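Undergrad: Here it is: the structure, laid out below.
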Amino acid sequence: MIRRKANNILRLLSLGAVALLTGCSSKMVLLDPKGPVGAHEKTLILASIGIMMIVVIPVFFMTFYFAWKYRASNKEATYAPKWSHSGKIEFVVWLVPTVIVAVLGYLVWTDTHDLSPYKPLVSGQKPINVEAVAMDWKWLFIYPDQHIATVNQLEFPANVPVNFRITSDTVMTSFFIPRLGSQIYAMAGMQTRDSLLATEPGTYVGRNCQFSGRGFSNMQFDAIATSSQKFRNWVTKIKQSENTLGISALKKLEKPSRDNPVSYYSSVSPHLFDYIIHKYKGGGTATMTANAVQKKPHA
């Protein structure tokens, strides 16, 4: 019986070691940012951890120190059964947490305003505008200036800000490109904004981090940062697609689907993003928006 328990413990330890080694081999994307927003967030995370270590490290040290010093076999340890209070200890116990909370509060307050998703990034480059729509279980990206749209693929030039308008055509979701920063929630009938920038070319994973149904785990997309010339070539390639995106095509796209392949639309009906938002509000505004969308898609 004892041998069986020992074998089970050894198996669990072995599985734990494998899990730790597997975790060490994968990249911690939040600590390897490729944009100014992600880099700022990394600094905030590390600063917060470092400040909290002021309490954590002494606590662990004192736990082992006191256990060793006041062990039963140590006859030299001071035994004070009537001791009950120390003004100095009380002062330290209250002062240190107060200072830590105050410093963390200051960092969070200032960085929250510095990292506001509604605050455009400062750059000498003209930003790219993208309208992101969460669906079941895919992402639709509309480029209003280029009059094109894509599904499950987001491409933009490196070192150029990307200004997002974000909404949902389903339940609440979360728009997140971990290596670029900022997790932004999207809700039907509402819109929010975000501004991101990639400092170097590469393909970064984007995902929905809010559970939204059985296809949630596959709701990912590629965020591709490339050169300005390659981006223009990519736009030209999409404009050659036979697919166009209007209300009828949107209704087909709204049907739930998993592992939806990347698809392109060479033209998009005007105000389609606004139509997606206002159709959940109803009334005259939704009707007016629908009438505007019925116009011929932009070529």
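Rule-based calculations on the coordinates, nothing more; no lab input. Source: prediction; values computed, not measured. With ideal geometry, Cβ positions are generated from the backbone for all residues, glycine too; neighbour counts draw on all protein chains shown.
Undergrad: Any idea how far apart ASN74 and GLN240 come out in nm if each label point goes 7 Å out from Cα toward Cβ?
TA: About 7.8 nm, to one decimal.
Undergrad: In debye, nearest 20: dipole of segment 31-118 around its Cα centre with unit charges on the Cβ of K, R (+) and D, E (-)?
TA: So the dipole magnitude of segment 31-118 works out to roughly 580 debye.
Undergrad: Mind listing the phi-derived Karplus ³J(HN,Hα) values for segment 29-42, rounded to whole Hz, using 6.51, -1.76 and 1.60 with θ = phi - 60°, and x for any glycine or proline?
TA: For segment 29-42, the Karplus-derived couplings read 4, 5, 9, 9, x, 10, x, x, 5, x, 5, 5, 5, 4 Hz, x marking Gly and Pro.
Undergrad: What FRET efficiency comes out for the pair PHE211/ILE45, r = Cβ-Cβ distance, R0 = 30 Å, nearest 0.05?
TA: 0.80
Undergrad: Gap in Å between the Cα centre of segment 24-85 and the Cα centre of segment 192-218?
TA: What the calculation gives is 33 Å, centre to centre.
Undergrad: Let me ask something else about it. If R₀ is 25 angstrom, what is the calculated FRET efficiency for the pair ASP114 and LEU30, using the beta carbon separation as r and rounding to 0.05?
TA: 0.90
Undergrad: Okay, moving on. Per q in 0.18, 0.27 1/Å, what log10 I(q)/I(0) does a Debye calculation on the alpha-carbon atoms of segment 159-220 return?
TA: -0.66, -1.19
Undergrad: Only sites in a loop by DSSP and with at most 10 other Cβ atoms within 10 Å count here; which trypsin sites (Lys or Arg not before Pro) in segment 79-177 make the cut?
TA: Counting only loop positions with at most 10 other Cβ atoms within 10 Å, the trypsin sites (Lys or Arg not before Pro) in segment 79-177 are LYS82.
Undergrad: How would GLU76, GLU200, GLU41 line up from fewest to most surrounding beta-carbon atoms within 10 angstrom?
TA: With the fewest neighbours first, GLU76, GLU200, GLU41 line up as GLU76, GLU200, GLU41.
Undergrad: When the Karplus curve 6.51 cos²θ - 1.76 cosθ + 1.60 is applied with θ = phi - 60°, which whole-Hz ³J(HN,Hα) does each residue of segment 266-274 get, with x for Gly and Pro?
TA: 6, 8, 9, 4, x, 6, 5, 4, 5
Undergrad: As an exercise, identify the GluC sites (Glu not before Pro) in segment 155-255 lying in DSSP coil whose Cβ has no more than 16 other Cβ atoms within 10 Å. It would help to have the intermediate numbers written out before the result.
TA: Details: sites: GLU155, GLU242, GLU254; in loops: GLU242, GLU254.
Taking segment 155-255 and a limit of 16 other Cβ atoms within 10 Å, the loop GluC sites (Glu not before Pro) found are GLU242, GLU254.
Undergrad: Using the structure shown, list the pairs from LYS138/LYS281; LYS34/LYS138; LYS251/LYS281; LYS252/LYS281; LYS252/LYS279; LYS34/LYS237 with a Cα-Cα distance above 19 Å, or answer none.
TA: Those over the limit are LYS138/LYS281; LYS34/LYS138; LYS252/LYS281; LYS34/LYS237.
Undergrad: Arrange the peptides 61-67, 272-278, 50-56, 34-40 so that the one whose residues have, on average, the most other Cβ atoms within 10 Å appears first.
TA: 272-278, 34-40, 50-56, 61-67
Undergrad: Using DSSP to call loops (not H, G, I, E or B), can you name the trypsin sites (Lys or Arg not before Pro) in segment 195-253 whose Cβ has at most 12 other Cβ atoms within 10 angstrom?
TA: Those satisfying the criteria are ARG214.
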